[in-house]
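The values are calculated or read from the model by the stated rules, or taken from the named source; none is laboratory data. Since this is a predicted model, take the numbers as computed values, not measurements. Here the Cβ positions follow ideal geometry from the backbone for every residue, glycine too, while neighbour counts run over all protein chains shown. Ligands, DNA and RNA are stripped out before the accessible areas are found, and what is left, the full protein with its side chains, is counted by its heavy atoms. Shrake-Rupley method; radii C 1.70, N 1.55, O 1.52, S 1.80 Å.
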Amino acid sequence: MSEQRPVGTVSHNNTGRVVLVSGGANGIGRAVCEAFRETGAAVVCLDVDDAAADSLPTGIDFVRGDTSVEPDCLNAVDFAVTTYGGLDVLVNNAAIQPPASYVALDELPAELWDRMLSINLSGYTFLAKHAVRVMKQQRSGVIVNMASGQAHRTARQVPAYGPIKAANLQQARQWGVEYARDGIRVVSVSPGAIDTPLVRASLAAQGGERELANRHPIGRIGRPAEIAAAVLWLSSAAASFVTATDLEVDGGLGAFGSFADPYPMSPD
Ligand SMILES: NC(=O)c1ccc[n+]([C@@H]2O[C@H](COP(=O)([O-])OP(=O)(O)OC[C@H]3O[C@@H](n4cnc5c(N)ncnc54)[C@H](O)[C@@H]3O)[C@@H](O)[C@H]2O)c1
């Protein structure tokens with residue numbers, strides 16, 4: 001960590017801040033990387049997708065690594081600290097939901113459960129563990145866990161994704177409480193359906209694009225940039241009293257009761 005780094009300070013925007021985003025090569029993570037970069041932050045993207053990383057805008061560093069492998073997480077944190085002198089924001093975002101995981105519990109292959117558990121849960125723990133060590137020394141930092149609306153309420157055929165996303169909420173609460181006196185805030189964000197490769201890959205399992213959009217009171221699925229905007233706010237000093245909690249960014253999906261009349265489908 002740089003000796004010149006002011007200890008315990010939090011800038012009022014994200015200019016000059018050092019941000020590490022897992023799964024930043026595509027989808028929501030990519031929008032988060034781009035939004036931080038636009039504010040003048042130094043952005044490090046940790047991802048397994050070399051091909052997508054090649055098309056990242058200039059000014060975003062790519063570190064190849066698998067978040068389910070703890071040394072890869074340590075390596076990414078070390079890269080940020082060595083290159084930029086510290087780490088202000090960690091966005092735990094890399095997760096998978098393969099189409100093959102849309103099955104009932106009794107059909108869930110053990111290998112798929114293990115893979116989702118190791119990326120979607122252990123990966124968040126490994127990155128946070130190493131980020132917190134740096135942030136404690138700085139006496140400042142923010143960790144944002146990308147959770148999901150499915151962490152709060154569930155559906156059929158998500159026996160791995162739903163429970164593991166719920167654990168992402170509890171990670172943020174537990175870490176937020178643990179490190180509140182160290183100047184570290186930890187929050188989670190729970191998106192509704194967002195237009196990303198992950199959602200595009202499973203549209204059939206979710207009734208198609210129109211049906212999925214219609215379930216959101218706002219009448220459409222979200223854009224990655226709309227999640228990035230929430231992450232930027234939560235990471236900034238404007239959210240300085242917000243910790244150990246979750247923000248649902250979902251076009252009203254979570255508030256829409258199962259007893260409510262469905263919205264009429266809009267004509268094509
Ligand atoms: N898209 C949605 O509708 C939606 C809704 C709720 C929550 N989320 C959550 O938002 C996050 C991002 O989702 P998305 O839709 O952008 O997904 P995506 O599949 O479009 O992108 C995920 C990125 O993570 C990377 N990745 C996957 N496994 C990795 C690993 N082991 N190590 C490093 N990188 C890895 C992929 O290469 C990819 O770049 C996830 O946590 C997801 O659960 C998404």
**Item:** Restricting the range 48-61 to residues that are outside any helix (DSSP H, G or I) and touching an Asp or Glu at 6+ places or on another chain (Cβ under 9 Å), the residue that is nearest to Asp195 (Cα to Cα)
**Value:** Leu56
**Request:** Give the residues of the range 84-107 that are in a helix (DSSP H, G or I) and either free of Cβ contacts under 8 Å to residues at least 40 places away in the same chain or open to solvent by less than 70 Å² (accessible area, probe 1.4 Å) (or both), sorted by residue number.
**Result:** Ala100, Ser101, Asp106, Glu107
**Request:** Go through the range 159-176 residue by residue and tally those that are in a loop (DSSP other than H, G, I, E, B) and open to solvent by less than 10 Å² (accessible area, probe 1.4 Å).
**Result:** 1
**Request:** Residue by residue through the range 224-249, note down the ones that are free of Cβ contacts under 8 Å to residues at least 60 places away in the same chain and either over 24 Å from Arg37 (Cα atoms) or open to solvent by 50 Å² or more (accessible area, probe 1.4 Å) (or both).
**Result:** Glu226, Trp233, Phe241
**Prompt:** Of the numbered conditions (1) surrounded by 17 or more Cβ atoms within 10 Å (Cβ to Cβ); (2) near the ligand (Cβ under 10 Å from one of its atoms); (3) not small (Gly, Ala, Ser), Arg185 satisfies every one except a single condition; which is it?
**Reply:** (2)
**Asked** Would you say Leu169 is touching a His at 6+ places or on another chain (Cβ under 9 Å) and either of a type in the set (Ser, Thr, Tyr) or on the phi < 0 side of the Ramachandran plot (or both)?
**Response** yes
**Message:** If I ask for residues that are buried (at least 17 other Cβ atoms within 10 Å of the Cβ), more than 12 Å from the ligand (Cβ to nearest atom) and not small (Gly, Ala, Ser), which ones from the range 137-156 would you list?
**Reply:** Gln138, Val142, Ile143
**Request:** Could you pull out the residue among Ala228, Ala213, Ala205 that is within 30 Å of Asp182 (Cβ to Cβ) and not in a loop (DSSP other than H, G, I, E, B)?
**Result:** Ala228
**Prompt:** Restricting attention to the range 37-56, which residues are within 8 Å of the ligand (Cβ to nearest atom) and either under 16 Å from the mean Cα position of the chain (by Cα) or of a type in the set (Phe, Trp, Tyr) (or both)?
**Reply:** Leu46, Asp47, Val48
**Asked** Quick one: in the range 17-40, which of the residues that are part of a helix (DSSP H, G or I) and charged (D, E, K, R) is most open to solvent (accessible area, probe 1.4 Å)?
**Response** Glu38
**Prompt:** Restricting attention to the range 11-35, and to residues there that are more than 23 Å from Val199 (Cα to Cα) and in contact (Cβ under 8 Å) with a residue 40 or more places away in the chain, which single residue is nearest to the ligand (Cβ to nearest atom)?
**Reply:** Leu20
**Matching residues, the range 244-259, being of a type in the set (A, V, I, L, M, F, W, C) and out of contact with any His (no Cβ under 7 Å at 6 or more places or on another chain)** = Ala244, Leu247, Val249, Ala255, Phe256, Phe259
